[in-house]
1. Give just the number: which of (1) assigned to a loop (DSSP other than H, G, I, E, B); (2) loosely packed, with under 15 Cβ neighbours inside 10 Å does F127 not satisfy?
2. Select from the range 192-227 the residues that are of a type outside the set (S, T, Y) and within 12 Å of the ligand (Cβ to nearest atom) and list them in ascending order.
3. Please count how many residues of the range 341-361 are open to solvent by 40 Å² or more (accessible area, probe 1.4 Å) and either closer than 20 Å to E60 by Cβ or of a type outside the set (D, E) (or both).
4. Across the range 185-204, what is the total count of residues that are in contact with a strand residue (DSSP E or B) (Cβ under 8 Å, 6 or more places away or on another chain), assigned to a helix (DSSP H, G or I) and open to solvent by 10 Å² or more (accessible area, probe 1.4 Å)?
5. Report the residue count in the range 230-246 for those that are outside any loop (DSSP other than H, G, I, E, B) and either at pLDDT below 95 or open to solvent by 70 Å² or more (accessible area, probe 1.4 Å) (or both).
6. Return yes or no: is Q34 away from the ligand (no atom under 14 Å from the Cβ) and without any contact (Cβ under 8 Å) to a residue 24 or more places away in the chain?
7. Limited to the range 49-86, what total is found for residues that are in a loop (DSSP other than H, G, I, E, B), under 14 Å from the mean Cα position of the chain (by Cα) and not aliphatic (A, V, I, L, M)?
8. Among the residues of the range 1-31, count how many are part of a loop (DSSP other than H, G, I, E, B), of a type in the set (A, V, I, L, M) and either away from the ligand (no atom under 16 Å from the Cβ) or surrounded by fewer than 12 Cβ atoms within 10 Å (Cβ to Cβ) (or both).
Amino acid sequence: MPIPNGFLSRKDLTIKEERYPLEVYVCEDCWLVQLTHVIPAEIMFKNYLYIPSTSQTMLEHFKAFAVGLVDEYGLKPNDLIVDIGSNDGTLLGYFREQEMRVLGVDPASNIAQVARLKGIDTIDDFFTEELAKKIDKEYGKAKVVTATNAVAHINDLHGLCQGVRLLLDKDGMFVMEYPYLADLLDKNEFDTIYHEHLSYFAIRPLITLFKQHGMQIFDIKRTPVHGGSILVYVSKKGSRHTPKDTVREFVQLELLKKLNKKEAYDEFARRVAGIKRDLMEYLKSLKSQRKRIVGYGAAAKGNVLLNYCGVTSELLSYIVDSIPYKQGRYTPGTHIPIYPEARLAKDRPDYTLLLAWNFADEILKKQVKYRENGGQFIITIPYLRVE
Ligand code: DWN
C-alpha cells in the first residue's frame, strides 16, 4: 500500500512510489489491534496534507468538545490546555475563545505554521516524554491534555503515557478521541485501517496500558464523528476523578461483542472481502453500461479502499475534494486526478463513489442539485448501497 496521504503532483507520477505492507494483527493477550509494519513517522507526518477544518461537521464537533469540557469540569481562565496532534489549531482556537491558555504540539511543520498564524502557540515536534519535560518547565502543569485522532498515530504508547502523566497537574485529565474499534468492526470500516493508524483501540487494552503508568480511565463518551468515535477521559490514580459506570459498561459491551475472541476478527475479515467483491462487480457492471463514475473526498481512507479493491482511473475518471492542498494532485497508487467539488454539478457524472462516507450527511446535503439532476452516490460503508 502506498502512504495513504501521499498525494502526488503531476511530475511525481513518473517516479516509482514506495509501497509498504499493510497488515493488521490482534494481540491474543491484551487484545490490542495493531499494525506490525511501522512507517517512520517523519515520512508520514512532517509535511502533512490533512486539515479537519474544511469540514463543517468537524468545526461544530470541536467547538462542542471544547465548550463541553470547560463547562463540565469547571475549567478556569488561564488553565493550560495542551493538544497533542493539534494540526491547524482548530480545537485549541475554541478553548482560547473561553480564555484558556493553549499550546499545540504537532510534527507537521507546514500545518503548525498555519496554527501560529492564527495565534495558536504550536511546537512542531512529536510529543515525547522529553518534550513534556520542556513544556512543564516553560508553561507549567496542564489542567487538560487532549489528543483527537492522534493517539492511534503514535508508536511509542508508553512514552506518550509517561509524558502525559508528567505534564498533568494532580487533578488534570487526558482526553483522547479516536474511532472506536467496536464501531470499526460492526460497520465494516476496513478503509480506516492504514499506516497512519498504528493502533485500533477497544477500551480493555487501554485500561491495561494506563494501569502500567499509574493512570486510570474515569469516563467514556460516544461521538458519531469518523464513523463512530469515543472520548476517553484519563486521570492519575488518586486524583479527584473516580471511574464512572460508563467504564464498566464499555468493558461489558466489548466482552458481549467477543472482542476478546479471535472469531470476531476472522468474521470481520470475511465481511471485508465481500465488500471488495461486491463493489468491484458493481463498478465494472456500471462501466459495461458505459456509465460515468467519479469519486468524492480524496480521503486517506478513500486511498486505502481504492488501492485495496484495485479501483483505478479506468473506473473512476476523477475525484472531487474541498481541500485546496489536494486539488490538482493525484491519488497515491491509483493516480486518479483530484479537482474542486464544483466540477461535480457542472460535469454531472452518472455515479459518484463516496470515499468520505463519514461526511455523507454534509456532502449529500451540499450536492442536492447533482442528485436532483439524477446523479447517484455509491456508498460502501457499512454495506454497499446507492442513494
Ligand atoms: O485520523 C485521521 C482522520 C481523522 O483524518 C487522519 N489520519 C487522516 C484523516 O483521514 P481522512 O483523510 O480519511 O479524513 P477525512 O477528514 O475523513 O477526509 C475527508 C476528505 O473529504 C477530505 O479530503 C476533505 C473531503 N471533503 C470534501 O471534499 N467535501 C470533506 C467534506 C466534509 C466535504 O464537504
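The values are calculated or read from the model by the stated rules, or taken from the named source; none is laboratory data. Since this is a predicted model, take the numbers as computed values, not measurements. As a convention, Cβ positions derive from the backbone with ideal geometry for all residues, glycine included, and neighbour counts pool all protein chains shown. Areas reflect the complete protein model, heavy atoms only, side chains present, ligands, DNA and RNA absent. Shrake-Rupley method; radii C 1.70, N 1.55, O 1.52, S 1.80 Å.
1. With (1) assigned to a loop (DSSP other than H, G, I, E, B); (2) loosely packed, with under 15 Cβ neighbours inside 10 Å applied to F127, the lone miss is (2).
2. Within the range 192-227, I193, H195, E196, H197, L198, V225, H226, G227 qualify.
3. Matching residues across the range 341-361 total 5.
4. The total comes to 1.
5. Qualifying residue count for the region: 1.
6. Considered against the rule, which asks whether it is away from the ligand (no atom under 14 Å from the Cβ) and without any contact (Cβ under 8 Å) to a residue 24 or more places away in the chain, Q34 comes out as no.
7. Within the range 49-86, residues that are in a loop (DSSP other than H, G, I, E, B), under 14 Å from the mean Cα position of the chain (by Cα) and not aliphatic (A, V, I, L, M) number 4.
8. 1
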